[in-house]
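Asks: Pasting a structure here, questions to come.
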Amino acid sequence: MEATYAPFEYVDENNQIQGFDVDLANALCKEMDAKCSFHNQAFDSLIPALKFKRYDAAISGIDITEARQKQVSFTNPYYDNSAAFVAVEGKVANQAALSGKRVGVQNGSTHQSYLIDQMAGVTAVPYASYQDAFIDMQNGRIDSVFGDTAVVAEWFKKNDTLTYVGDQVTNQEYFGNGFGIAVNKKNEELVNQLNAALKTVKANGQYQEIFDKYFGK
């Protein structure tokens, strides 16, 4: 996982990786009677690492898309997602006003692909992490940031100068199919095990407990 993506994954004050994805993965591992460890890795290297079998699985707020499904296998969706533009209040009036502007995205993300493919007038500025993009937006180096709605919402808790730019984006080609756990294409057995465990933790209430912990009831 790429652990700068709160509330899904982040490093706490004790240098431990925490978050919704971590708690969910731990619940799945326990259900599977598997010993799991977590590793912080650049987001754009997660899928290549799976293809080279460096890791068994990747859980890091990864949108299930047709393009990615050609490279790796995914579990069933574990979180419904959408995307949103955010800017410093008063800087960008609406999404149409983003034309000619610089928008920060995480390198290798569906947000980057969406801007390049669907918003030709916008300059997509890639970052290794959204933390860096957020800092640059606050300092005026970029005009907006485009990220997952739940992640963007975390920033509003700590900064009252932000505003959403337009409505949420749920283009099915890029977003709206949910987050999935990615696995090497040759390891369908692990996909099946994860899906079975996911079904169980949803049925027994563990999933809802974890969800409420990070996103509220």
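The values are calculated or read from the model by the stated rules, or taken from the named source; none is laboratory data. None of the values given here were measured: they were computed from a predicted structure. Quick reminder, even Gly has a Cβ in these numbers, built from the backbone with ideal geometry, and neighbours come from all protein chains shown. In case anyone asks, the SASA skips ligands and DNA or RNA and just uses the protein heavy atoms, side chains included. Shrake-Rupley method; radii C 1.70, N 1.55, O 1.52, S 1.80 Å.
Asks: Which one of these is among the hydrophobic types (A, V, I, L, M, F, W, C), assigned to a loop (DSSP other than H, G, I, E, B) and touching a residue at least 60 places away in the same chain (Cβ under 8 Å): 146, 175?
Replies: 175
Asks: Mind counting the residues in region 161-188 that are touching a Ser or Thr at 6+ places or on another chain (Cβ under 8 Å) and crowded, with 16+ Cβ neighbours inside 10 Å?
Replies: 12
Asks: Of the residues 73, 82, 60, which is among the hydroxyl-bearing types (Ser, Thr, Tyr), more than 24 Å from residue 124 (Cβ to Cβ) and in contact (Cβ under 8 Å) with a residue 12 or more places away in the chain?
Replies: Being among the hydroxyl-bearing types (Ser, Thr, Tyr), more than 24 Å from residue 124 (Cβ to Cβ) and in contact (Cβ under 8 Å) with a residue 12 or more places away in the chain holds for just one of 73, 82, 60, which is 73.
Asks: Collect the residues in region 66-77 that are assigned to a loop (DSSP other than H, G, I, E, B) and touching a helix residue (DSSP H, G or I) at 6+ places or on another chain (Cβ under 6 Å), keeping them in residue-number order.
Replies: 71, 72, 75, 76
Asks: Out of 22, 11, I need the residue that is surrounded by fewer than 22 Cβ atoms within 10 Å (Cβ to Cβ), touching an Asp or Glu at 6+ places or on another chain (Cβ under 8 Å), closer than 28 Å to residue 206 by Cα and not basic (Lys, Arg). Which one?
Replies: From the options 22, 11, the qualifying one is 22.
Asks: Counting just the residues of region 80-90 that are in contact with a helix residue (DSSP H, G or I) (Cβ under 9 Å, 6 or more places away or on another chain) and surrounded by fewer than 18 Cβ atoms within 10 Å (Cβ to Cβ), which one comes out modelled with the highest pLDDT?
Replies: 88
Asks: Inside region 191-213, can you point out the residues that are more than 13 Å from residue 75 (Cβ to Cβ), free of Cβ contacts under 8 Å to residues at least 60 places away in the same chain and either part of a helix (DSSP H, G or I) or open to solvent by less than 20 Å² (accessible area, probe 1.4 Å) (or both)?
Replies: Scanning region 191-213 gives 203, 208, 209, 212.
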